[in-house]
Amino acid sequence: MTLETKLKTVGATVFARFMPDEAPFDTPRPYAVWQQVGGDALTYVEGALPDKENALVQIRIWADTRIEASGLSRQLEQALVASTDFQARAASARVNEKEGDAYGNRQDFSIWVARSP
């Protein structure tokens, strides 16, 4: 199973709408979007592919209130860190956002996962 599939499964425990890259216009809140924004690359001297890979994943949560966005962010962080599908840790503190009447919360996570074929 790929990182994307595992991440979507864990995100779905907190959000009915948890999607990659961006949400369609007028997506009902609350929802979250995620994208890989980097990661640590592993290389072996002998040129073999490593059995694990790392991704720096940025997750943005959008809700109707600041309190709702912050609460959902904490729930999602707990679900990611507790997952047995991969090893995740917060790589940054939460950043509050506001866009129009939507309240957002953004956080980056470093995730190590078994490399899939």
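Tabulated data
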quantity: Qualifying residue in the stretch 47-55 (condition: within 20 Å of ALA16 (Cα to Cα), touching an Asp or Glu at 6+ places or on another chain (Cβ under 9 Å) and either not in a loop (DSSP other than H, G, I, E, B) or not β-branched (Val, Ile, Thr) (or both)); calculated: no
quantity: Every residue from the stretch 42-53 that is in contact (Cβ under 8 Å) with a residue 24 or more places away in the chain and either under 14 Å from LEU80 (Cβ atoms) or more than 21 Å from the chain's Cα centre (by Cα) (or both); calculated: LEU49, PRO50, ASP51
quantity: Residue in the stretch 36-44 that is of a type in the set (A, V, I, L, M, F, W, C) and crowded, with 19+ Cβ neighbours inside 10 Å present; calculated: no
quantity: Answer residue from the stretch 20-35, given it is in a strand (DSSP E or B) and crowded, with 16+ Cβ neighbours inside 10 Å and is nearest to the chain's Cα centre (by Cα) among those; calculated: TRP34
quantity: All positions within the stretch 97-117 that are farther than 17 Å from VAL57 by Cβ and out of contact with any strand residue (DSSP E or B) (no Cβ under 6 Å at 6 or more places or on another chain); calculated: LYS98, GLU99, GLY100, ASP101, PRO117
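All of the numbers you see were taken from the coordinates with simple rules; none came from a lab. Treat the numbers as computed from the prediction; the structure is a model and nothing was measured. All Cβ positions, even for glycine, are placed from backbone atoms using ideal geometry, and neighbour counts span all protein chains on display.
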